[in-house]
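Participant: Below you'll find the structure I mean.
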Amino acid sequence: MNRLGRKFAVTISVCIICIFTFSMLITNYFLPRYYVYRVNQDLNAISKEITSMGYNDFINSVADLEKKYNLTIVYEPISSDEASFNWSLREQLAKKRMTLNKFWVTKETLRDVKSGTRVNKLYDQGKLKSSFLSSFVEKDGLFIVVGVSIVHFHETAYIINTFTLYVLGFAILVLVVLVWVWSRKITSPLQELADVSKNIAMLDFKKAEIRTNDELEELANSINTMSDALKAAHGDLNRKNKNLKRFMSDITHELKTPLSLIKAYSVGIQDGLDDGTYVHTILKQTDNISALLDELLEFSRIEREELHKESFDLVALFQHCLAKHEIEIQLKGTHLAIQKEDKPLWITADRGKIEKVLNNLLSNAIKYTQNKKIGIRFEEKEHEILFTVENGTNIKETEINKIWEPFYVTEASRSKDRSGTGLGLTIVQSILNRHQFDYGVILCEGIIQFYVSFPKRVSSNTKSS
Ligand SMILES: Nc1ncnc2c1ncn2[C@@H]1O[C@H](COP(=O)(O)OP(=O)(O)O)[C@@H](O)[C@H]1O
Ligand SMILES: [Mg+2]
C-alpha cells in the first residue's frame, strides 16, 4: 500500500478502534447500571399502582398484573412470627419458580414498609445467572413483594463485547481492503501529476490526462494550462534569445565594416596615398557609425519605454510628418497622392511612437520609390482606420518578408547607396507589435504596399499602459 493509503488506513483504524473501545466501556460499565435503574423505575411505578388499588381489586388482578408486566407478585398478611412469615413468602416465590436462598424480610425492613416506605432489594438467584429485583410495599395489612427477574448483565456485556471485537476485526479488515483500493485510485493520478511536474521542471512540457471529474481533474487542467503557458513563454524566450544573438552579431558586423574602412583609409593617409578623398571617406564612415549608434539607441529606448496612450487625430499627425518631408518630395519630383476624407480620424495609441512609424514608412516610400509615385490612403472602417502607403519598387518577392529584420537592406537599395541602417522597419515592427496593431506588407505587380490597421479610439481621455 502507498504512503497515502497507509496514513488513511491507520487514521481510520484508530478512529474505529476508539469508537469500539468507547462503546465496549459503555456496554461494560454503564449499560448494566442503566438497565437496573430502568427496571427499578418500572417496579416503583407498578408498586405505586398496586398501593392505589382497592384490596379486593388487588387480590383479583394479581395474575393479570403479573402477566401484563411480566413480574412476580407474592403477598402475606403481616405477622409477628418472622420465621413463618418469611417461610410462607419464600414458598410462594418458589411456587412461582423463584428460588431465593437468601430471601429474608428482617424486622427492620418490615418496620420500614409498615411506616409506608417502599423498600427495594436485589437477590442473587445463584446458578440461574440472574437476580431478583424486588420492591416491598404494605397494603391493608398485606406485605406485598413485587419482583422482576433481571439477567446478570456483566456476562451479557462480556458476550456483546467479545462479539464486538470480532466485528471490529472484520471492520478493520474490510477497511484496509477498501482504503487500499481507494488509495490506489487516488494516488495513480497524483503520481501522474508528479511525473508531469517533474517533466515540466526539466523543460519537457508534457500534459496530464486525468478524467476523474473531481478536484484532481481540475488540478490536472491547471497544470496543463501552466504547462502550455510555460511552453509558450519558453519558446518566446528562446526565440528572443536567438534574435538577440543574431542582432549582436549583425551589430558587430555593421560596425566592423566602416571601422575597417576608417582604418584602411587612415593607413593610406599615413603612407601618403591620399588623393584628397580619404578624409571625406573617413568622415562618411564615422557618420555611418554615428547614425547606426543613434538608431540603436533609439531602438533600445523604444523597446524599454512604457507606452503612453492617448487619443489623437491620425490625419493631423500624418500632416505634421509630411511637412518635414515636403521639400525632399519636391526636390525629387515625386508625385504624392493622398486619399482621405476631410475630417479627423481619432485613434488611441502612443502618439510619439506612432509618429515614428509614420515617419519611417513615409521616408522609406520617398527614398525607395521607383516610379516617382507615392500613394497614401486613410480608410475608415467600422472599428478601425486602415492606413496604407504604396510606391513602385523592384524589390523581389523573396526579399519581402526579410525587410523587417534588423539591418536588412535589399540589394537594389544598397547598390544605389540610399539605404539607411536597416533598423527603420524593425523599429516600426516593434512599436506596432507592442500596440498589438495589425500591420503588414503586400507586393503586387511592382507596387509595394505597407498597411497598418489602427483601432478607433476607445475614449478621448489620456491613458497610460
Ligand atoms: N517603401 C519601400 N519601397 C521599397 N523598398 C523598401 C520600402 N521600405 C523599405 N524598403 C526596403 O526595406 C529595407 C529596410 O528598410 P528599413 O528597415 O527602413 O531600413 P533603411 O531604410 O534604413 O534601409 C530598405 O533598405 C529597402 O530596401
Ligand atoms: Mg528606413
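All of the numbers you see were taken from the coordinates with simple rules; none came from a lab. The structure presented is a predicted model; accordingly, all values stated were derived computationally and were not measured. Cβ atoms come from the backbone with ideal geometry, glycine included; neighbour counts cover every protein chain shown.
Participant: Pairing the Cα long axis of helix 351-368 with the longest principal axis of the chain, what angle in degrees results, from 0 to 90 and rounded to the nearest 10?
Facilitator: 40 degrees
Participant: Tell me which GluC sites (Glu not before Pro) from the stretch 304-349 have a DSSP coil assignment and no more than 13 other beta carbons within 10 Å of their own.
Facilitator: Passing both the DSSP loop test and the Cβ count: Glu305, Glu306, Glu341.
Participant: Restrict the search to the stretch 199-263; then list the trypsin sites (Lys or Arg not before Pro) that DSSP places in a loop and that have at most 11 other Cβ atoms within 10 Å of their Cβ.
Facilitator: Here the trypsin sites (Lys or Arg not before Pro) that fit, given the DSSP loop and packing criteria, are Arg211.
Participant: If you count, for each residue, the other Cβ atoms within 10 Å and average over each peptide, how do 396-402, 349-355, 192-198 line up from highest to lowest?
Facilitator: The densest-packed peptide leads the list: 349-355, 192-198, 396-402.
Participant: What aspartates and glutamates does Lys367 reach when the alpha-carbon gap must be under 14 Å and sequence neighbours fewer than 8 apart in one chain are set aside?
Facilitator: List returned: Glu326, Glu328, Glu390, Asp417.
Participant: Also: Along the positive direction of the dipole of the chain (beta-carbon charges: Lys, Arg +1; Asp, Glu -1; about the Cα centre), which of Val105, Ile186, Cys15 reaches farthest?
Facilitator: The residue sitting farthest along the positive end of the dipole is Val105.
Participant: Cα atoms only, the chain: Rg and Dmax in Å?
Facilitator: 54.1, 165
Participant: Take the Cα atoms of the stretch 42-117, build their convex hull, and give its volume per residue in Å³.
Facilitator: 108 Å³
Participant: Going out from 0 in 10 Å bins, what whole percent of all Cα-Cα distances in the stretch 3-155 drops into each bin?
Facilitator: Calculated over all Cα pairs of the stretch 3-155, the distribution is 10, 33, 28, 11, 7, 6, 4, 1, 0 percent.
Participant: Quick one: helix 215-270 against the long Cα principal axis of the chain, what's the angle to the nearest 10°, folded into 0 to 90?
Facilitator: 20 degrees
Participant: Could you work out the mean projected area of the convex hull around the alpha carbons of the stretch 243-355, in square nanometres to one decimal?
Facilitator: Directional mean of the projected Cα hull area for the stretch 243-355 stands at 11.2 nm².
Participant: Another question, if that's okay. Could you list which residues have their amide H under 5 Å from that of Ala208, counting only those 5 or more apart in sequence or on another chain, with H placed in the peptide plane?
Facilitator: Asn224
Participant: Please compute the contact order of the chain in relative form: average sequence separation of alpha-carbon pairs under 8 Å and at least six residues apart, divided by the residue count, as a percent.
Facilitator: Reported relative contact order: 11 percent.
Participant: Is there a pair in Lys245/Lys309; Lys207/Lys242; Lys48/Lys68; Lys324/Lys381 whose C-alpha atoms are over 24 Å apart, and which pairs would that be?
Facilitator: Checking Cα-Cα distances, Lys245/Lys309; Lys207/Lys242; Lys324/Lys381 exceed 24 Å.
Participant: Next question. Excluding residues on the same chain fewer than 8 positions from Lys198, give the aspartates and glutamates whose Cα lies under 17 Å from its Cα.
Facilitator: Partners within reach: Glu209, Asp228.
Participant: Where does the charge balance sit around Asp112 when Lys and Arg score +1, Asp and Glu -1, over other residues with C-beta under 12 Å from its C-beta?
Facilitator: Taking every other residue near Asp112 into account, the sum is +3.
Participant: Something else: Can you pull the Kirkwood radius for the stretch 196-235, inverse mean 1/r over Cα pairs, to one decimal in Å?
Facilitator: So the Kirkwood estimate lands at 10.2 Å.
Participant: Out of the GluC sites (Glu not before Pro) in the stretch 205-261, which ones are loop residues according to DSSP with at most 11 other C-beta atoms within 10 Å?
Facilitator: Filter output for the stretch 205-261: Glu209.
Participant: Averaging over every viewing direction, what projected area does the convex hull of the Cα atoms of the stretch 205-304 cover, in nm²?
Facilitator: Mean orientational projected area (the stretch 205-304, Cα hull): 9.1 nm².
Participant: Taking 7 Å along the Cα-to-C-beta vector as the label spot, tell me the Tyr278-Thr51 distance in nanometres, rounded to one decimal.
Facilitator: So the label points at Tyr278 and Thr51 sit 14.4 nm apart.
Participant: Can I ask one more? Would you mind pulling out the separation of the Cα centroids of the stretch 1-28 and the stretch 35-68, in Å?
Facilitator: 46 Å
Participant: Continuing with the same structure: Roughly how many debye, to the nearest 20, is the charge dipole of the chain about its Cα centre, given +1 on each Lys and Arg Cβ, -1 on each Asp and Glu Cβ, and no other charges?
Facilitator: Dipole magnitude for the chain comes out near 1660 debye.
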